[in-house]
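Only one structure is covered here, and it is reproduced in the block below.
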């Protein structure tokens, strides 16, 4: 389902259950985003590899630039303009994959800041590994052992981005609901907005927005 359709489904239900109260689209989007982020985390904790289904790829047409910081001696990439990442509880966080533009034997792997400090402080790791490490920060990705050749061309990334960063025409895949108590995606969003649907007025056709569909 595209982003605008998801928002409209919630907006139309609000008109039904809030007796004319007005909700700005930005408020609705933030409520939807909060629920989807929660579902991303729950999905990741159940099956880490399955989160790959929900990422958006960047750098396929125009590579993401890799910049060299002469002061720190680090290579880094800023996130694409206008986009943030949804944090997840592992080293890769919302940067699920980093790849070279062309297929190659070079592999990127996530690191945390402590590991980066250890391997850059006299470790022999640099002489034994052909992999490039990356550290996810709030506003950029920093690299360990980035090569000048790869930096010149740039990289691609698979990023888990928030609902608010998608265009209205983008398809968004919503994770399946793990909730065993019968609560739907719509119920979760309305609850954040302070709306509880009366049980006797539930419409089976509006119980939930379909999940895991594009």
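Structural remarks
- Length-normalised contact order for the stretch 56-159 - Cα pairs under 8 Å, 6+ apart - percent: 42 percent
- Cβ-to-Cβ counts within 10 Å put 139, 158 in ascending order as 139, 158, the fewest first.
- Contact order normalised by residue count of the stretch 1-92, Cα under 8 Å, 6+ apart, percent: 16 percent
- The stretch 1-159: projected area of the alpha-carbon convex hull, averaged over directions, in nm²: 12.0 nm²
- If R0 equals 35 Å, the separation of the Cβ atoms of residue 115 and residue 12 corresponds to a calculated FRET efficiency of about 0.10.
Taken together, the values in this text are just the output of simple stated rules run on the coordinates, not laboratory data. Since this is a predicted model, take the numbers as computed values, not measurements. All Cβ positions, glycine included, derive from the backbone under ideal geometry; neighbour counts span all protein chains shown.
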